Amino acid sequence: MLIADTKIDDFKTPRKDIAPPLPMVMRLAPILFYLSLVFLVVVGSVASWRAKVSSDQRNAVTARIESLKGEIEQAKTERAALEKEIVKATDLEAWVLASMPLQPLVVEIINSMGPQSEIVDLTIERDAETPSQLRLHLTLNTASDKQLDETLAVIQGRQYREFNPTQTRVQGNLDYKASLLWDPNAKAEQRQTPEERVKERVMVP
């Protein structure tokens, strides 16, 4: 049997609400929650982007530092090689300057002999390791030491310095030995006279 709708509504009894409506603050809580989620996503994205940028910058700085280290090491290597070349060039220059022919020196020693003097023996040896250094052995047949002083003055005129000289009389001959070192600046110095050289040798014990 069918009952009309109007009659069914008549059976409802009026009743009060179970709970009061939510306050406005509680109604805004979901909105605030979703807004906070959006904020966290944005902040996280920005932080991730900044971290990536910082990492890229750090990697770029590290790569630049390594590149500079490589350039510094290469510069050091090139400098060391250049210094070696400079040393070689300096040694070569010294060798060339010191390996000058000895003939002019020998000629001047011979020409320095006086009428009452003659050369008994003349030996000049060049040091293999130090070509600017010579070993001189001169034996003179002379009655006076003045001849030796004149000859040594000639040697000084060729820009040679004397080291470790020894002078002795052997069977009436004057025997002189010394090391000679070529000095390109020797001309600028004042030369000793034969008398000063004799005085200096007398004063040396």
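Could you sort 127-134, 45-52 so that the peptide with the highest average Cβ count within 10 Å comes first and the rest follow in order?
The densest-packed peptide leads the list: 127-134, 45-52.
Convert each backbone phi in the stretch 142-153 into a coupling constant with the Karplus relation 6.51 cos²θ - 1.76 cosθ + 1.60 (shift: θ = phi - 60°), then list the ³J(HN,Hα) values in order as whole Hz, x for Gly and Pro.
These are the phi-based 3J(HN,Hα) values: 8, 8, 10, 6, 5, 4, 5, 5, 5, 5, 5, 5 Hz.
Within 11 Å, Cβ to Cβ, of residue 109, how many net charges do the neighbouring residues add up to if Lys/Arg are +1 and Asp/Glu are -1?
-1
Between residue 35 and residue 61, what FRET efficiency follows from the Cβ-Cβ distance if R0 is 45 Å, with the result rounded to 0.05?
0.70
If each residue of separation counts as 0.36 nm, what is the full-extension length gain between residue 75 and residue 51 once their alpha-carbon separation is subtracted?
5.1 nm
Using θ = phi - 60° and the Karplus curve 6.51 cos²θ - 1.76 cosθ + 1.60, what whole-Hz ³J(HN,Hα) does each residue of the stretch 35-48 get, with Gly and Pro shown as x?
Result, rounded to whole Hz: 5, 5, 4, 5, 4, 5, 5, 5, 4, x, 5, 5, 5, 5.
Less than 12 Å Cβ to Cβ from residue 179, Lys/Arg counted +1 and Asp/Glu -1: what total charge do the surrounding residues give?
+1
Amide H of residue 161: which non-local residues (sequence gap of 5 or more, or other chain) have their own amide H closer than 5 Å, using H built in the peptide plane?
For residue 161, whose amide H was placed from the backbone, the distant partners under 5 Å are 181, 182, 183.
Work out from phi, with θ = phi - 60° and the Karplus expression 6.51 cos²θ - 1.76 cosθ + 1.60, the ³J(HN,Hα) of each residue of the stretch 122-129, listed in order in whole Hz, and give x for Gly and Pro.
9, 10, 10, 10, 8, 6, 5, 7
Bear in mind that the values in this text are calculations on the coordinates, not laboratory data. These numbers come from a predicted model, not from an experiment. As a convention, Cβ positions derive from the backbone with ideal geometry for all residues, glycine included, and neighbour counts pool all protein chains shown.
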